[in-house]
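Accompanying notes for the structure given below.
The values are calculated or read from the model by the stated rules, or taken from the named source; none is laboratory data. All figures in this text were calculated on a predicted structure; none of them were measured in a lab. For neighbour counting, all protein chains shown are included, and Cβ atoms are generated from backbone atoms with ideal geometry for every residue, glycine included. Quick note on the areas: whole protein, heavy atoms, side chains included, nothing else; ligands and nucleic acids left out. Shrake-Rupley method; radii C 1.70, N 1.55, O 1.52, S 1.80 Å.
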Amino acid sequence: MKLILASNSPRRRELLSKLNYKFDVVPSDCDESTTAQNPRSMVTELACCKALDVFKSNPQAVVIGCDTVVDLDGKVLGKPHSVDEAVSMLKSLSNRQHKVHTGVCVISQKSIHLFAETSSVTFDKLSDERIRNYVATGSPMDKAGAYGIQDSGFVSGIVGSYDNVMGLPTEKLFAILKNY
């Protein structure tokens, strides 16, 4: 089986490597605009878009497409476009619970598997200084919700998959991949 990850995310590469599969990385160029009405629909739609985009050029492969968003009371927090936006996102998450949704689409000539995983995450109360110091590292700029669970130190609790919060729900994905 030729396996392709349709993502350039270093975190997704790291997580997929944990499953002991050999895979190639072919980032998608699909248009990431969406008309989805809720965050879970949004991530599944975009995961499919990415997987299909790469599958068209690699029809003999099994392609994995993914998309992750942070959901704060129904408001989607994607990747910040500026330092100010990153600071604002982190302030809004401080001392609150939010959800992280990851959509995954696994497509091959044989089948299409599509699912969304949701984890609930609770943040500590964050001082302005702590937020500024984290944003100054540059880490938030390529992450949904402007944080990485693995490097921020902001999380006081999680219900659900830790890997999902990083961007790839490995538990469910492994169950699908073992059938190929």
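In the set VAL87, VAL54, VAL63, which member is under 17 Å from the mean Cα position of the chain (by Cα) and not acidic (Asp, Glu)?
Just a single option satisfies the conditions, and that option is VAL63.
Hey, could you check region 1-45 for residues that are surrounded by 14 or more Cβ atoms within 10 Å (Cβ to Cβ) and assigned to a strand (DSSP E or B) and say which is nearest to the chain's Cα centre (by Cα)?
Looking at the filtered set, the residue picked out is LEU5.
Could you list, in sequence order, the residues of region 92-107 that are open to solvent by 60 Å² or more (accessible area, probe 1.4 Å) and either hydroxyl-bearing (Ser, Thr, Tyr) or on the phi > 0 side of the Ramachandran plot (or both)?
The answer is ASN95, and nothing else.
So if I check each of LYS110, LYS79, which one is surrounded by fewer than 18 Cβ atoms within 10 Å (Cβ to Cβ), more than 18 Å from the chain's Cα centre (by Cα) and of a type outside the set (A, V, I, L, M)?
LYS110
Restricted to region 131-180, and to residues that are within 16 Å of ILE64 (Cα to Cα) and polar (S, T, N, Q), which residue is most open to solvent (accessible area, probe 1.4 Å)?
Result: ASN179.
Within region 91-113, work out how many residues are more than 12 Å from PRO169 (Cα to Cα) and either of a type outside the set (Lys, Arg) or modelled with pLDDT under 95 (or both).
So the answer is 14.
Being out of contact with any Pro (no Cβ under 7 Å at 6 or more places or on another chain), free of Cβ contacts under 8 Å to residues at least 24 places away in the same chain and not β-branched (Val, Ile, Thr) narrows it down to one of SER108, SER82, SER28, so name that one.
After ruling out the rest, the residue left standing is SER82.
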